[in-house]
Amino acid sequence: MKKTKPVALFLGRFQPFHKGHLAALKWIAARSGKVLVVIGSAEKENEPKNPFSEKERERMIRAQLLAAGLSRKCTLASVTDINDNEKWVAHVDKSVPRYDIAYSNNSLVKRLMKSAGKKVSAVPFFRKGTFNATKIRGRMKKGTVWRDRVPKKVGEMLGKIKAEERMRKL
């Protein structure tokens, strides 16, 4: 009997979705039957650390999933912050479809998921020093080169919404 591949959860703020996220998603997708791509801190926007809205992040990820041939394998969902570590995993579970394994490199996410009895695995980093959302936002604010750090479709969308201008205003 053939073993079915697990449903994976991949949660991030994706502020913005960059090439490191795409590499991680491809790695996860190769090991999974389905991937739940979950936009975290969904309620946050127009802040220096969270400049893009849930809808903007969803559009950039959907466009890139389609371009990368991953749209059939991936389902997008979102989850808001509740600022209560003890209830966080239950909150995530109520907000997304069932999953078998959570993939994360965030130490708090891994600890909370493991404490709740969830299977958790790390994802290999893909040039972490280069593909880092904080650094990309900083580059946008300064007006230095950043487009080479995000997938093409994401860069196009960020250009349309004037992301550099927004970062300078925040």
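When the stretch 151-170 is examined, which residues are found to be free of Cβ contacts under 8 Å to residues at least 12 places away in the same chain and either among the aromatic types (Phe, Trp, Tyr) or not in a helix (DSSP H, G or I) (or both)? Selection gives Lys162 alone. Report yes if Arg139 is within 16 Å of Lys19 (Cβ to Cβ) and touching a Gly at 6+ places or on another chain (Cβ under 7 Å), otherwise no. Spelling it out, it is not the case that Arg139 is within 16 Å of Lys19 (Cβ to Cβ) and touching a Gly at 6+ places or on another chain (Cβ under 7 Å).
For every residue, the table says whether it meets (1) under 14 Å from the mean Cα position of the chain (by Cα); (2) closer than 21 Å to Leu65 by Cβ; (3) surrounded by fewer than 15 Cβ atoms within 10 Å (Cβ to Cβ).
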| residue | (1), (2), (3) |
| --- | --- |
| Lys110 | no, no, no |
| Val123 | yes, yes, no |
| Arg127 | no, yes, yes |
| Thr130 | no, no, yes |
| Arg137 | no, no, no |
| Gly143 | no, no, yes |
| Lys153 | no, yes, no |
| Met157 | no, yes, no |
| Glu165 | no, no, yes |
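With respect to the conditions (1) under 18 Å from Val109 (Cβ atoms); (2) surrounded by 18 or more Cβ atoms within 10 Å (Cβ to Cβ), Met60 falls short on a single one, namely (1).
Read-outs: derived from the displayed coordinates by stated rules, not from any lab. It should be emphasised that the depicted structure is a prediction, and the values quoted were computed from it without experimental measurement. Here Cβ is always computed from backbone atoms with ideal geometry, including for glycine, and neighbour counts include all displayed protein chains.
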